[in-house]
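The values are calculated or read from the model by the stated rules, or taken from the named source; none is laboratory data. Everything quoted here is computed from the prediction, not taken from an experiment. In this analysis, Cβ positions are derived from the backbone assuming ideal geometry, glycine residues included, and neighbour counts consider all displayed protein chains. Accessible surface is based on the protein model in full, side chains and every heavy atom, while ligands, DNA and RNA are left aside. Shrake-Rupley method; radii C 1.70, N 1.55, O 1.52, S 1.80 Å.
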Amino acid sequence: MLWHAVNSVSAAPVESVFVVLAPDDKAYASHDWSRFAGKVEPLYCGGETRRDSVYNGLVAAMAAVDADDWILVHDAARPCLPHADLERLLKEASGDAVGAILALPVAETVKRAADESGVARIASTEDRAGLWLAQTPQMFRAGLLAQALRSAKGRITDEASAVEEMGLKPRIVQGSRDNLKVTYPEDIAIAEAILSARSRS
């Protein structure tokens with residue numbers, strides 16, 4: 001999955017791809033990364049949380065990155081990022097003062113659940129108008145993102161959450177269902193089907 005995620009981001013006009021890994025990771029070096037011709041650099045500085053890993057990666061990359069440079073943060077668990085989605089994000093985010101994320105509008109009815117004696121029951125039905133499912137990549141200036149992650153106090157589940165804590169409002173760029181996050185075992189088969197169909201086209 002990591003190789004495909006790196007491959008999808010590398011197709012864009014980016015100078016470097018930094019892969020944040022656990023300090024004791026051994027698997028990365030066992031794979032062939034020669035296709036990317038030195039464009040990919042592993043950073044063995046992953047932390048306990050997503051916020052820690054992204055922040056540590058930013059700090060480690062600062063020797064090669066200026067504060068005003070755009071940074072794309074992408075999940076290894078999203079190996080099927082369509083090139084068209086990435087191009088749309090780059091185009092729309094580069095003209096934005098804050099930055100942007102890929103996201104999908106919520107299509108299903110959303111229920112809020114409550115626990116009643118160990119049984120999940122519907123507490124309410126949420127209004128899905130204006131609700132979006134956040135995806136990656138998320139794109140921000142390096143300095144802004146580092147500041148946001150450094151000062152973040154709440155539960156940070158994506159980079160936009162940290163930027164929002166600063167009172168800023170990142171732009172939403174519509175993504176697609178192909179950019180799925182591999183979370184459940186059945187998602188692997190879906191991702192394989194998407195990648196296989198692309199390789200034949």
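Things worth noting here:
- Counting only lysines at least 8 places from Lys91 when in the same chain, those with an alpha carbon closer than 29 Å to its own are Lys39, Lys169, Lys181.
- Degrees between helix 185-200 axis and first principal axis of the chain (Cα, 0 to 90, nearest 10): 50 degrees
- Bins of 5 Å from zero: percent of alpha-carbon pairs in the stretch 6-66: 4, 17, 26, 24, 22, 7, 0
- A convex hull fitted to the Cα coordinates of the chain yields 163 cubic angstrom per residue.
- Centre separation in Å (Cα based) which lies between the stretch 83-98 and the stretch 1-54: 21 Å
- Charged neighbours of Arg155, selected by a Cβ distance under 11 Å, balance to +1 (K, R count +1; D, E count -1).
- Entry comment: accessible area of the stretch 61-201 is 58 Å² per residue, from protein heavy atoms only and a probe of 1.4 Å.
- For the peptides 147-155, 71-79, the ranking by mean Cβ contacts within 10 Å, running from highest to lowest, is 71-79, 147-155.
- Among Leu133, Leu145, the sequence by solvent-accessible area, most first, with a 1.4 Å probe is Leu133, Leu145.
- Vicinal HN-Hα couplings computed from phi for the stretch 60-75 (Karplus, 6.51 cos²θ - 1.76 cosθ + 1.60; Hz; Gly/Pro x): 5, 8, 4, 5, 10, 10, 8, 4, 8, 5, 6, 10, 9, 10, 10, 8
- Across the chain, the mean sequence separation of Cα contacts (distance under 8 Å, 6 or more residues apart), normalised by length, yields a relative contact order of 24 percent.
- For the stretch 146-187, the convex hull drawn through the C-alpha positions has a volume of 94 cubic angstrom per residue.
- Cα-derived Rg over Rh, computed across the stretch 1-103 with Rh taken as Kirkwood radius: 0.94
- Rounded percent of accessible protein surface that carbon and sulfur make up, the chain, 1.4 Å probe: 52 percent
- Taking a ≥ b ≥ c as the square roots of the eigenvalues of the alpha-carbon gyration tensor, the stretch 103-201 is classed oblate because a/c is 1.5 or more while a/b is no larger than b/c.
- Compared with the dominant principal axis of the Cα atoms in the chain, helix 83-93 is inclined by about 90°.
- Our helix-only sum for the chain, with -39,500 (n - 2.57) per DSSP H run of n ≥ 4 divided by its residues, gives a mean residue ellipticity at 222 nm of -9500 deg cm²/dmol.
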